[in-house]
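The values are calculated or read from the model by the stated rules, or taken from the named source; none is laboratory data. Model, not experiment: these values are computed from the prediction. As a convention, Cβ positions derive from the backbone with ideal geometry for all residues, glycine included, and neighbour counts pool all protein chains shown. Areas reflect the complete protein model, heavy atoms only, side chains present, ligands, DNA and RNA absent. Shrake-Rupley method; radii C 1.70, N 1.55, O 1.52, S 1.80 Å.
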Amino acid sequence: MRFPVERAEGYYLPPPDQPPDVWALVPPAERVFRWVELRQHRRLTPPDGFVIGHPAYARINHNRWISDCPCGSAQVVTPADPRFACTECGYGWLRLVFPEDPAAVEASLAEQLPHLRNWWHPSDPDPWGVPPSDAPDAPAGVPVPEPVREVTR
């Protein structure tokens, strides 16, 4: 795989003026809080506890493992630390549901161009962003609208 699927531990990195291993002891799911603090100049504190009974499903979106927050935000995640907390709305830690073998899912996408690598967990009850090609076909006899054409004068 020439371009591995991006995970949190390779995405949320310290700035170039700091040693590359300065965040080595920070768990990958918590690195996003440091990363956002540096880039947005906002003081953030990771939540203390888990939101019980509300798992979040990890998915691959354009070659990145991500998870979506109920508020509409998303962030890069990793199977090495399967939890998610939102830096936007402060939603508490959610347990992430990954496939049994994330490496196998990544390998199944390896032949595609990175921007075309997308995967949704089959158990996700509300898979945000599933492409229209996976939507049910329109009933027979329903006209398909023509594309809008630009009028030039």
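Brief remarks on what is shown
- Residues in the stretch 63-93 that are outside any loop (DSSP other than H, G, I, E, B), under 18 Å from Gly129 (Cβ atoms) and either free of Cβ contacts under 8 Å to residues at least 40 places away in the same chain or open to solvent by 20 Å² or more (accessible area, probe 1.4 Å) (or both): Arg64, Ile66, Ser67, Asp68, Ala74.
- Yes/no for Leu96 being more than 15 Å from the chain's Cα centre (by Cα), hydrophobic (A, V, I, L, M, F, W, C) and surrounded by 12 or more Cβ atoms within 10 Å (Cβ to Cβ): no
- Those residues of the stretch 1-46 which are without any contact (Cβ under 8 Å) to a residue 40 or more places away in the chain, surrounded by 14 or more Cβ atoms within 10 Å (Cβ to Cβ) and among the hydrophobic types (A, V, I, L, M, F, W, C), in sequence order: Leu13, Trp23, Val26, Trp35
- Checking Tyr57 against (1) hydroxyl-bearing (Ser, Thr, Tyr); (2) open to solvent by 40 Å² or more (accessible area, probe 1.4 Å); (3) under 26 Å from His121 (Cα atoms); (4) free of Cβ contacts under 8 Å to residues at least 60 places away in the same chain, the condition it does not meet: (4)
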